[in-house]
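Worksheet: the structure to be examined is printed underneath.
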Amino acid sequence: MSAETVTVFAAASLKTAMDEIETGFEAATGHDLVMSLAGSSSLARQIEHGAPADVFLSANEGWMDHLGALGLLEPGTRRDLLGNQLVLIGQGEPLERLTDLPDRLGEGRLAMALVQAVPAGIYGMEALQMLGIWEAVQSQVAQMDNVRAALALVALGEAPLGIVYATDAAAEPELSVLAVFPASSHAPIRYPVSQIAGSGPAAAALLEYLQNDEARAIFEAQGFTVLED
């Protein structure tokens with residue numbers, strides 16, 4: 001198979017892992033990997049409107065379902081690839097109880113991805129509602145385009161607290177995980193992957209690579225859970 005360019009649209013929370021994946025995939029296959037990283041909602045809408053993606057790696061199932069309903073996924077190629085955890089980040093001591101979040105926040109802002117569109121924001125709002133503290137903090141939420149932007153807001157000191165994935169927290173050693181949201185407080189965090197309809201054999205090679213032992217080691221080192229078939 002001759003070398004081709006493969007374009008993957010991947011959730012922003014995958015940036016660190018995908019940077020490593022890019023190097024390994026290109027070395028193993030000779031193909032050129034081009035990445036577009038953003039919020040899953042933004043990426044799905046771009047694909048819906050004809051953006052030239054070959055593979056979509058989403059941070060939740062809803063946006064993959066959306067593209068599937070439009071007939072934009074290559075049949076038989078979708079699978080759940082990864083899992084993640086939702087955490088509260090900031091400086092200082094861990095919270096004894098997540099219900100103490102409003103007191104710790106004080107008059108500051110709570111950095112989150114877009115709560116109506118981006119998976120990390122959707123999960124975060126769901127968890128805060130389940131814990132009964134959404135109304136107490138809603139007016140102080142600083143909504144960002146994607147989860148990495150929310151992470152950056154806390155890292156820059158512009159928000160004392162943020163809600164991100166555990167894997168994002170690991171990318172900012174200056175910040176601490178103050179609490180882990182119970183898995184029961186939100187829908188399961190799953191990252192489905194699929195080829196886009198009409199993509200070629202190089203896209204299939206990427207999908208295969210994302211499931212091999214080398215990619216598994218990269219994902220697990222970043223804190224993702226690799227889901228089994």
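Annotations for the structure displayed:
- Between E135 and E4, residue separation times 0.36 nm minus the direct Cα-Cα distance comes to 42.1 nm.
- Just so you know, the Cα atoms of the stretch 109-207 work out to an Rg and Dmax of 15.7, 51 Å.
- Between the stretch 85-113 and the stretch 22-61, the Cα center-to-center distance that results, in Å: 32
- Contact order relative to length of the stretch 104-189, as percent, for alpha carbon pairs under 8 angstrom and 6 or more apart: 36
- Relative contact order (percent, whole number), the chain, Cα cutoff 8 Å, 6+ residue spacing: 31
- For the set V141, V193, the ranking by accessible area, highest first and with no ligand, DNA or RNA atoms included, is V141, V193 under a 1.4 Å probe.
- Given the choices (i) 44, 40, 39; (ii) 59, 34, 30; (iii) 55, 37, 30, Cα extents along the principal axes in Å derived from the coordinates of this structure is entry (ii).
- The stretch 56-164, relative contact order [Cα under 8 Å, separation at least 6], %: 33
- Surrounding net charge for A17, when Lys and Arg each add one and Asp and Glu each subtract one, Cβ distance under 14 Å: -3
- Average projection, convex hull of the Cα set of the stretch 71-150: 7.1 square nanometres.
The values are calculated or read from the model by the stated rules, or taken from the named source; none is laboratory data. Bear in mind that the values here come from a model prediction, so they are computed numbers and not experimental data. A quick note on method: Cβ atoms are made from the backbone with ideal geometry, for glycine too, and the neighbour counts reach across all protein chains shown. Heavy atoms of the whole protein, side chains included, go into the accessibility calculation; ligands, DNA and RNA do not. Shrake-Rupley method; radii C 1.70, N 1.55, O 1.52, S 1.80 Å.
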